[in-house]
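Just below is one structure, and these are the notes that go with it.
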Amino acid sequence: MNYVQAADDYLMYLEVEKNYSVNTLKSYAFDLKLYGEFLLTNNRSLDLNDFTSSSVRRFVKDQVINHQIKPRTLQRRISCLKSFSQYCLKENYMKMNFTEGIQAPKADKKLPKYMSLQELKKLFSYLENDSRPQGIRNELMFKLLATTGMRRQELVDLTWEQLDFSSQTIKILGKGKKERLLPLHPTVLPLFLKYQGTLKESQIYYSEPIFYNARNQQLNPRGLHKIFKQVLERAGLPSHRFSLHHLRHTFATLLLQNDKNKVDLRTLQELLGHKSLVTTGMYTHIDFEQKKKAI
């Protein structure tokens, strides 16, 4: 079986049967393309039965030495090849697992960066006093991110039908198109109504996207990132220090720091839409802070 055809079949399998997100599919397609290009550049066969673990190790070495790829990215690329290999074995495209014995390098475990409550209040204060035409949209977007912990892709994908004002909830379509229901903060609800007043009637139809850019097109993640950096600068906060994902970290951190209403990691896992509790475990540094206070 030819590698290119097998890779195409594998990506189709991930999209149709495994229901992987668009971003994950793009990442896997890129990783598979890189490995194929590496094989061609080094005059290696593209026949799956000729694949060996030695070629994978050389690919990993090339990624580290010649391209300075970081461990976390390398982990994903190796994981992609391992998953692809398992798929090919299951489909009888080849006889041997060419990733057997390959181990991904360990990535440094870093504590998540987040805004302090004072920094978040400073951001909110600017948003509430921004009189520019897009001010109400920006206030709604960033308060929504900070009070729900949703991902930036989940925010730009929002449509009006995902909102339920009567129950004050919002339905999020997360990774793998998995749904989760989140409560809306009371301060966000009137912002939605105020924001609707700035849109055309056709733009608030139930299947229409909620957020638009200055050209009245659906906002994309890159555009949202650019707007956030501009807002940080205007609010007097260091734009180089924070990214949109840090608002997600801020949401999780401030929840766990709340002494009045204790939130456990399992609840936080459901709110953030993490597949594994291990991922949510990155926020256990907050437990350490609580212990520090107690001592």
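Looking at (1) at pLDDT 90 or above; (2) closer than 30 Å to Val64 by Cα, which is the only condition Lys109 fails?
(1)
For residues in segment 156-208 being in a loop (DSSP other than H, G, I, E, B) and among the β-branched types (Val, Ile, Thr), which is farthest from the chain's Cα centre (by Cα)?
Ranking the candidates gives Thr198 first.
Take Val60 and tell me if it is in a helix (DSSP H, G or I), in contact with a Ser or Thr (Cβ under 7 Å, 6 or more places away or on another chain) and closer than 14 Å to Gln103 by Cα.
It is false that Val60 is in a helix (DSSP H, G or I), in contact with a Ser or Thr (Cβ under 7 Å, 6 or more places away or on another chain) and closer than 14 Å to Gln103 by Cα.
Of the residues that sit in segment 153-169 and are out of contact with any strand residue (DSSP E or B) (no Cβ under 8 Å at 6 or more places or on another chain) and more than 14 Å from Pro209 (Cβ to Cβ), which one is surrounded by the fewest Cβ atoms within 10 Å (Cβ to Cβ)?
Selected residue: Ser166.
Would you point out which residue out of Arg76, Arg44, Arg137 is part of a helix (DSSP H, G or I), assigned by TED's automatic domain parsing to the domain that holds Asp8 and either at pLDDT below 90 or not β-branched (Val, Ile, Thr) (or both)?
The conditions single out Arg76.
Being part of a helix (DSSP H, G or I), free of Cβ contacts under 8 Å to residues at least 24 places away in the same chain, farther than 30 Å from Val156 by Cβ and hydrophobic (A, V, I, L, M, F, W, C) narrows it down to one residue among Leu11, Leu25, Leu89; which is it?
None of the other options fit; the residue is Leu89.
Pick from segment 232-250 the residues that are under 16 Å from Leu140 (Cα atoms) and touching a helix residue (DSSP H, G or I) at 6+ places or on another chain (Cβ under 6 Å): which of them is modelled with the highest pLDDT?
Across segment 232-250, the extreme among qualifying residues is Ala235.
The values are calculated or read from the model by the stated rules, or taken from the named source; none is laboratory data. Because the structure is predicted, anything quoted here is derived from the model rather than measured. Cβ sites come from the backbone with ideal geometry, for glycine too, and all protein chains shown count toward neighbours.
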